[in-house]
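Report on one structure; see the data block that follows.
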Amino acid sequence: MSFRREKYVPKGGPDGGDGGKGGSVYVESSRHYQTLGHIKNLKKFRAHNGQAGSGQKKKGADGSDIILQVPLGTVISDEETGEIIHDFVSRTERVLVLEGGRGGLGNVHFKSSTNQAPRKTISGTEGQEQRIRLELKLLADVGLVGLPNAGKSSILSKISRAKPKIADYPFTTLTPQLGLVVLDDFHSITVADIPGLIEGAHEGTGLGDRFLRHIERTRFLIHVIDAANHKAQDAIEVYTMIREELRQFNEELIKKPEIIALNKTDIIDDKHELDTIEKYFKDKGLKVFKVSALTDDMLDKMIQYVGSQIIKSRENLYGDILEV
Ligand SMILES: Nc1nc2c(ncn2[C@@H]2O[C@H](COP(=O)(O)OP(=O)(O)OP(=O)(O)O)[C@@H](O)[C@H]2O)c(=O)[nH]1
Ligand SMILES: [Mg+2]
């Protein structure tokens with residue numbers, strides 16, 4: 001609120017200007033970032049306040065916006081309700097998370113024939129606050145799942161140029177690894193190697209299930225089973241257990257199309273056990289590949305099959321978009 005005060009201008013009338021708008025908070029995906037490391041230790045992001053208006057009808061400056069940059073693959077959600085605000089999947093995008101408060105209105109607006117000296121103003125709105133969760137999920141087409149030591153990383157290292165750590169003890173892989181698998185001159189798919197799962201992973205046993213979020217968005221799962229060190233009955237139990245861990249984490253995971261990779265066939269003596277395992281899965285309607293990450297046996301066939309499935313699902317996806 002302000003009134004014009006000038007020599008020789010008695011009762012100068014209202015001249016209080018408007019307040020500036022508060023800044024807004026945006027989140028933007030950027031190809032320059034691959035992790036959320038740059039914002040890990042920053043707990044609060046605050047856009048700037050708008051400045052107050054002043055006399056002589058001066059409007060206050062708008063507060064500047066703040067733009068938080070995150071890598072592609074980040075999902076932002078409301079920490080309290082869990083509601084997804086945005087999923088940055090395919091390209092760089094900018095999303096308005098919180099709109100800055102409206103600036104107040106100065107008394108210059110409220111002059112009328114009956115009120116030449118209005119004392120009325122309208123306050124600006126308060127800025128808003130929200131707790132949001134930022135989660136980075138890999139964007140892979142295919143996920144490799146299975147017990148520790150099943151040979152997931154060995155398979156990834158053979159089908160892609162990724163160089164994951166491989167060793168003869170459980171929990172060699174401590175974080176998910178991503179590999180690019182080139183199918184032909186025009187097509188490639190990405191495959192994620194997830195740390196091994198054991199019974200109770202959903203309750204935190206072993207490395208727990210926290211890496212499973214990285215396969216939530218895959219289109220396809222390859223279930224890797226060490227067929228050399230499991231009797232048929234064990235292999236089946238292992239499969240059922242892993243599926244149960246996946247289900248506990250997210251029902252959607254077990255609805256994904258999957259195939260079975262029976263690995264380490266190079267050191268199997270008892271072909272009868274192997275046939276029993278294979279029959280069990282085939283009877284369930286699942287496609288089975290008897291592979292060896294050591295000798296490369298059947299890996300190529302498996303990848304061609306998985307690749308063709310992925311390419312088909314991509315075509316369907318684009319088909320849907322065209323229909324819309
Ligand atoms: N003989 C033979 N050994 C294999 C084969 N595949 C993997 N191995 C061995 O099995 C062991 C475990 O292999 P990894 O690829 O590290 O297994 P992983 O499933 O990634 O294990 P985690 O990372 O602990 O979950 C290593 O000693 C590999 O050399 C195979 O086809 N044949
Ligand atoms: Mg591994």
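No lab work stands behind these numbers, since they all come straight from the coordinates. The shown structure was predicted, so the numbers you read here are calculated from the model rather than taken from an experiment. Cβ: placed from backbone, ideal geometry, glycine included. Neighbour counts: every protein chain shown.
General observations
- Asn41-Leu294 FRET efficiency (beta carbon distance; Förster radius 51 Å; 0.05 resolution): 0.70
- Distance between the 7 Å Cα→Cβ label points at Glu135 and Asp234: 3.4 nm.
- Centre separation in Å (Cα based) which lies between the range 199-255 and the range 52-94: 37 Å
- For the range 112-182, trypsin sites (Lys or Arg not before Pro) are listed when DSSP marks them as loop and at most 11 other Cβ atoms sit within 10 Å of their Cβ; the list is Arg119, Arg131, Arg161, Lys165.
- Per residue, the average separation of C-alpha pairs within less than 8 Å and at least 6 apart gives the range 1-136 a relative contact order of 32 percent.
- For the range 1-136, the fraction of C-alpha pairs farther apart than 26 angstrom is 43 percent.
- The Cα trace of the chain gives Rg and Dmax of 29.8, 110 Å, the first to one decimal, the second as a whole number.
- Mean separation of Cα pairs under 8 Å and 6 or more residues apart, divided by the residue count, gives the range 171-324 a relative contact order of 19 percent.
- Longest segment of the chain lacking chymotrypsin sites (Phe, Trp or Tyr not before Pro) that sit in a DSSP loop with at most 14 other Cβ atoms within 10 Å: 9-170
- Taking label positions 7 Å along the Cα-Cβ direction at both Glu80 and Thr205, the computed distance is 3.7 nm, reported to one decimal.
- Take every pair of alpha-carbon atoms less than 8 Å apart whose residues are at least six positions apart; their mean separation over the length of the range 79-204 yields a relative contact order of 20 percent.
- FRET efficiency for Gln304 and Ser30, using Cβ-Cβ distance with R0 set to 30 Å, rounded to 0.05: 0.30
- Derived scalar couplings between HN and Hα for the range 47-55 equal 7, 8, 6, x, 8, 5, x, 8, x Hz in order, rounded to whole Hz, by the Karplus curve 6.51 cos²θ - 1.76 cosθ + 1.60 (θ = phi - 60°), x for Gly and Pro.
- Annotation: for a label point projected 7 angstrom from Cα along Cα→Cβ of Met1, residues of the range 116-138 with backbone N closer than 14 Å are 116-123.
- For Phe3, the residues 5 or more places off, or on other chains, whose built amide H falls under 5 Å of its own are Asp15.
- Among the listed pairs Lys163/Lys279; Lys255/Lys287; Lys163/Lys271, a Cα-Cα separation exceeding 23 Å is found for Lys163/Lys279; Lys163/Lys271.
- The fewest-to-most ranking of Ser30, Ser157 by surrounding Cβ atoms within 10 Å reads Ser30, Ser157.
- Build a GNM of the chain with springs between Cα atoms under 10 Å apart, and of Ala167, Ala201, Ala293 the one that fluctuates most is Ala167.
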